[in-house]
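Here is the structure we will look at, set down as structure tokens.
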Amino acid sequence: MKLFSATQIRELDKYTIEHEPITSINLMERAAEELTEAISLLWDEDTPVVVFAGPGNNGGDALAVTRLLRQRGYNVTAYLFNVNGKLSADCHENLTRLKKKYASAIVEVTKEFDPPKLSSDTLVVDGLFGSGINKPLTGGFAAVVKYINQSAATVVSIDLPSGLMAENNTFNVKSNIVTADFTFTLGTKKLCMMMADNQQYLGEVRVLNIGLSEEYIANTPAQCNVIEEDDVVRCLKTRDVFAHKGSMGHALLVAGARGMAGAAILATKACLRSGVGKVTVHTPLCNSDIMQISVPEAVVQTDRGEESFTQATDANLYNAMGIGPGLGNAETTSIALMTQIRSTRVPMVIDADAINILASHRAWLQQLPDGIIFTPHPREMDRLLDTPPADDYDRLMKASDMAQRLHVYVLLKGHHSALCLPNGNILFNSTGNAGMATAGSGDVLTGIITALLARGYNQQDAAMVGMYLHGLAGDIAAQAVGMESLMASDIIAHLPQAFRELGL
């Protein structure tokens, strides 16, 4: 699913109007019908409804919804804020239509605003502003937003909560954004909806199909996309009936320090569960017996260091390498890490402590080979940056810049994990849940992606398929054990079912 920019969203509306063809007012009516239906499915006619409409097309949607709700028997009153005496053409037309049929349903605010009482029983429909704004709300509109937010009413926002910008909210005034319980967005999701720090404004997001041009959507590239099952299935490699372990790839994992054998175990088990033919784990001597007992299917290669990674190994004997889980940050480990990375010519995943070591030696980043896959969580990403990000959008853009500048892949982990590609495009994951916010979950992801690289997937496909599988297994695990009780090992246990759901 493509995440179009605010400019592209306007172009999509325009293209639909010109090529369906359909008039803009009829497209607005279509949107209002979908919005009205979505509202009526959740709230019955006994619910008092107060609509706040702005002077633009979002306000036109809101006025049309007011009329359609009145037709269905709802007790609804709309407040149209026309303080400058200038309405968009379609907003003006819907005002005329509403006055003609239900004159008592409209209060036009031109100067003073006498606010209605909003109780816990009230449904507020927020139609002040949609995806078209590009600066923070101020003055009277900011005051209306605060009045809505201070009430106990349930709030439904049309397209976007008023005040929230479709893409970049780094310099927005957060107190001047409507805090919605539901957002009924029109046609397609917006980039801002993928940011964790915007969830407090969005509430539950539902995408309404209003019949926008499929031709435009199919033929217009977007920098940001949400990967879905079909995207993943197209990349999957099937297993040859004559396959043997030698033909299914040999993965190397460099993981574990004293007290962190669990990270190595989780990464190794996940790697083995992800279809690779063979896994070798390079780990300190103190973890040797633990690994042999916990994962008998793996080959254990002991480092000369008793308690930490101190000795690079020949990774070019393998098809792929993952390095970092539970590695620690000893100075000898830092030196061994850079030696290992510099000497490795096979595809590799860098995670956890390997990322933290590089963050402490940022000059080393310029010496990395192209095509490495980084898998940082937000705090690890921040350590890699020269300046801390202002918010989630800023962090994402800096991760994307790093991917382009270093010619690497940056998989920024989160609820909507984002894979930043060297060409500047960003792929968001559509699987996963809050139960996966648990120790070891990232180690599992490293094991999965390393296995896929060893199986012959290219870096982009391995990272994309890996994060989707990881999230899907987590979703299946959450159904089985619940999000509160989910552990990283539960994700591994449900990888087989995740593969089966994708047809493997």
Grab every C-alpha pair in the range 341-380, bin the distances at 10 angstrom width from 0 up to the longest one, and report whole percents. 28, 62, 11
With all protein chains present, how much of the accessible area of the chain (probe radius 1.4 Å) comes from carbon and sulfur, to the nearest whole percent? 49 percent
Let me know the shape class of the range 392-483, please: from the alpha-carbon gyration tensor, a ≥ b ≥ c as square roots of the eigenvalues, rounded when a/c is under 1.5, otherwise prolate if a/b is greater than b/c, or oblate. oblate
Along Cα→Cβ, 7 Å out, is where each label goes; now give me the distance between the ones at ASN84 and ASN433 in nm to one decimal. 4.6 nm
Under 19 Å from the Cα of LYS2 - lysines, other chains or at least 8 residues apart: LYS14, LYS189, LYS190
Here the net charge surrounding ILE373, from other residues whose Cβ is less than 14 Å away from its Cβ (Lys, Arg +1; Asp, Glu -1), is -3
Determine which residues of the range 192-208 fall in the zone a paramagnetic label at LYS174 would reach in this model, i.e. backbone nitrogen under 17 Å from the point 7 Å along Cα→Cβ. 192-203
State whether the range 260-358 is rounded, prolate or oblate according to the following rule on the C-alpha gyration tensor (a ≥ b ≥ c being the square roots of its eigenvalues): a/c under 1.5 gives rounded; otherwise a/b larger than b/c gives prolate, and the remaining case gives oblate. oblate
Any chance you could give the angle, 0 to 90 degrees and rounded to 10, that helix 6-19 forms with the longest Cα principal axis of the chain? 60 degrees
Using a probe radius of 1.4 Å on heavy atoms only, what accessible surface per residue do you get for the chain? Whole Å² is fine. 42 Å²
Two-decimal Rg/Rh of the range 114-245 from alpha-carbon positions, Kirkwood Rh? 1.15
Everything considered on the Cα gyration tensor (a ≥ b ≥ c; rounded for a/c under 1.5, else prolate if a/b is larger than b/c, else oblate), the range 1-42 must be described as oblate
Rounded to one decimal in nm, the spacing of the 7 Å Cα→Cβ label points at ASP181 and LEU236 is 4.0 nm
Per 5 Å bin, what percent of the C-alpha pairs of the range 1-136 does each bin hold, from zero upward? 2, 10, 19, 22, 20, 14, 9, 4, 1
Please report the spacing between the Cα centers of the range 174-235 and the range 18-45 in Å, no decimals. 18 Å
Once you put a point 7 Å from the Cα of ARG304 and another 7 Å from the Cα of LYS2, both along the Cβ direction, what distance in nm separates them? 5.6 nm
Assuming R0 = 35 Å, can you tell me the calculated FRET efficiency for the pair ASN458 and TRP364, based on Cβ-Cβ distance, to the nearest 0.05? 0.90
Take the Cβ-Cβ distance between GLU37 and ARG383 as r, set R0 to 51 Å, and report the resulting FRET efficiency rounded to the nearest 0.05. 0.60
Please report the spacing between the Cα centers of the range 245-323 and the range 407-445 in Å, no decimals. 23 Å
Residue-ordered couplings for the range 140-153, obtained by feeding phi - 60° into the Karplus form 6.51 cos²θ - 1.76 cosθ + 1.60 and rounding to whole Hz (Gly and Pro as x), are x, 5, 4, 5, 5, 4, 5, 5, 4, 5, 7, 7, 9, 5
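The values are calculated or read from the model by the stated rules, or taken from the named source; none is laboratory data. Because the structure is a prediction, the values reported are computed rather than measured. Here the Cβ is made from the backbone with ideal geometry for all residues, glycine too, and neighbour counts use every protein chain on show. For accessibility, only protein heavy atoms count, side chains too; no ligands or nucleic acids. Shrake-Rupley method; radii C 1.70, N 1.55, O 1.52, S 1.80 Å.
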